[in-house]
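These notes concern the structure reproduced below.
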Amino acid sequence: MSPSRTARWTTGWLLAAAWALSFPLLSTLEPHRLWGWCAAAGYLGAAGATVLGRRRAALAAALLGAVAVPLLWLVLTGQGQSEVTVIERSGRLLLESGRLYVDGPERVEEYTPYLPGMALLGVPRALLGGDGGGDGWAVRLLGDARIWCAAALFGCLWAARRLIGAGPGRLLPALVASPVVALPLVVSGVDLPLAGLCCLALAAAAGGRPALAGAALAGACALKWTALPAVAVAVALLAACRGGRPAVRCALVTAGGTALLVLPGALLQPAELWRQVFAFPTGRAQVPTPASSPLPGRLLAELGPWGWYLTVGLLLAGGLVVALSLLARPPRTVVAAADRLALGLTLAFLLAPAGRFGYLALPVLLSVWARSVTVPGRSLVVAGSSRPRPRDGRPRSRNERSGGHFR
């Protein structure tokens with residue numbers, strides 16, 4: 001590793017350590033404080049190993065301190081953010097009654113701000129018969145929703161790499177060890193399946209697999225409605241590189257799959273789905289949402305009814321701008337698609353009436369993931385696309401025109 005590269009990695013680990021140390025100093029949540037101490041130790045160890053030229057040891061130290069140790073401790077002791085309990089409760093309700101939401105919730109803990117697909121990640125705990133109290137270590141480890149959220153993320157990322165035909169990738173372990181992934185993985189895990197499915201959808205769209213892209217998008221849309229921007233980006237990528245028919249096929253599979261996953265729960269509890277999935281996260285439910293980071297949309301919404309309508313108007317305007325950009329200049333590479341989706345999600349999270357800084361981890365993950373599966377000097381333009389032609393002007397070979405490969 002060159003001296004300049006060593007310096008960059010060392011600086012990165014030190015910055016991650018400083019960020020992790022802010023949680024024990026500023027956070028009142030015990031899982032966050034524990035993660036901060038463990039992660040800071042791991043990142044400092046990674047910085048020291050990098051200085052000594054031991055890159056693998058640095059990654060191992062970061063993964064051990066930021067992921068393995070705090071995750072195992074929190075899982076085995078039954079600690080975590082309330083999202084873990086909410087997902088596991090949904091899985092239990094699904095198996096017991098076919099319902100997903102608590103009727104007439106009166107406390108924040110009784111709300112389930114997720115679409116029906118999220119309940120599937122809580123089913124393992126229900127199947128194992130655990131209640132999160134005096135369970136054995138095996139039940140806690142195998143039933144914890146965080147473990148299944150992480151498994152969904154890693155499974156999707158593995159499948160995405162296979163579709164793109166990328167190599168093993170050196171950035172991916174560092175991405176997992178970074179605070180962007182490590183913190184949500186350890187304390188809640190709720191956004192990880194959504195991130196993985198979005199990555200898989202973009203990879204499938206880039207590889208000319210519209211049905212698979214639609215299935216991945218349907219899975220994402222069945223988890224959280226914030227996945228909707230990914231549908232527009234993936235369809236635009238397919239339309240630009242494969243034509244209108246694959247794009248329409250992707251959209252139809254997405255719509256059909258989402259309906260299949262969401263409609264049963266929506267028809268069974270339509271009022272609760274609206275109250276808990278849409279009204280609660282946007283600050284319109286009787287119980288205020290705990291998402292209170294001082295982001296622009298939240299600050300505007302606190303000014304009164306007119307402030308709430310203003311931030312919703314700005315949110316819709318931001319979505320319209322991103323949609324117009326997809327029409328005017330559709331993405332033609334994996335990186336461009338991931339960046340456009342990251343931009344749309346960032347605008348949505350910043351302008352939402354209620355939001356958290358943690359939501360911004362998803363856009364960062366998308367952009368870094370896209371670069372981790374690319375090869376420097378290659379464009380990752382989908383082969384088989386009618387544009388652009390190779391720079392030397394020669395016609396493509398049959399291998400270059402075949403689907404699923406990249407130039």
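Computed from the coordinates by the stated procedures, all read-outs in this text should not be read as laboratory data. Source: prediction; values computed, not measured. Here Cβ is always computed from backbone atoms with ideal geometry, including for glycine, and neighbour counts include all displayed protein chains.
Things to note:
- Net charge dipole, the chain: roughly 2420 debye, given to the nearest 20, about the Cα centre with Cβ charges of +1 for Lys and Arg and -1 for Asp and Glu.
- Packing-based order for 70-78, 204-212, 343-351, using average beta carbon neighbours within 10 Å, highest first: 204-212, 343-351, 70-78
- Other residues with beta-carbon under 14 Å from the beta-carbon of Asp191 carry, at +1 per Lys or Arg and -1 per Asp or Glu, a net charge of +2.
- Considering only alpha-carbon pairs that sit under 8 angstrom and 6 or more positions apart, the relative contact order computed for the chain is 15 percent.
- Two-decimal ratio, segment 1-86, of alpha-carbon radius of gyration to 2.2 N^0.38 Å: 1.19
- Additional length obtainable on full extension of the chain from Glu96 to Thr6, 0.36 nm per residue less Cα span: 27.0 nm
- Proximity of backbone amide H atoms, modeled 1.01 Å from N, is registered between Leu115 and Lys224, Trp225 at under 5 Å, excluding neighbours fewer than 5 places apart on the same chain.
- Summed residue charge, Cβ within 14 Å of Val322's Cβ, Lys/Arg positive, Asp/Glu negative: +1
- Between Ala271 and Trp306, the modelled labels are 3.4 nm apart [label points 7 Å from Cα along Cα→Cβ].
- Quotient of Cα Rg and 2.2 N^0.38 Å for segment 1-188, N being how many residues it contains: 1.16
- Net charge over other residues, Cβ less than 15 angstrom from the Cβ of Gly265 (K, R count +1; D, E count -1): +2
- CD proxy at 222 nm, helix term only [per DSSP H run n ≥ 4: -39500 (n - 2.57); per residue of the chain; nearest 500]: -20500 deg cm²/dmol
- Note on Ala68/Glu109: beta-carbon distance plugged into 1/(1 + (r/R0)^6) with R0 of 35 Å gives a FRET efficiency of 0.75.
- Segment 300-305 - phi-based ³J(HN,Hα) in whole Hz, Karplus 6.51/-1.76/1.60, Gly and Pro as x: 5, 5, 6, 7, x, x
- From phi via Karplus (6.51, -1.76, 1.60), per-residue ³J(HN,Hα) for segment 330-340 in Hz, x at Gly/Pro: x, x, 10, 9, 4, 5, 4, 5, 5, 5, 5
- Förster radius 25 Å - calculated FRET efficiency between Leu228 and Phe154, Cβ distance, rounded to 0.05: 0.55
- Projecting the Cα atoms of Pro281, Gly244, Val262 onto the charge dipole of segment 243-358 (Cβ charges, centred on the Cα centre) puts Gly244 farthest toward the positive pole.
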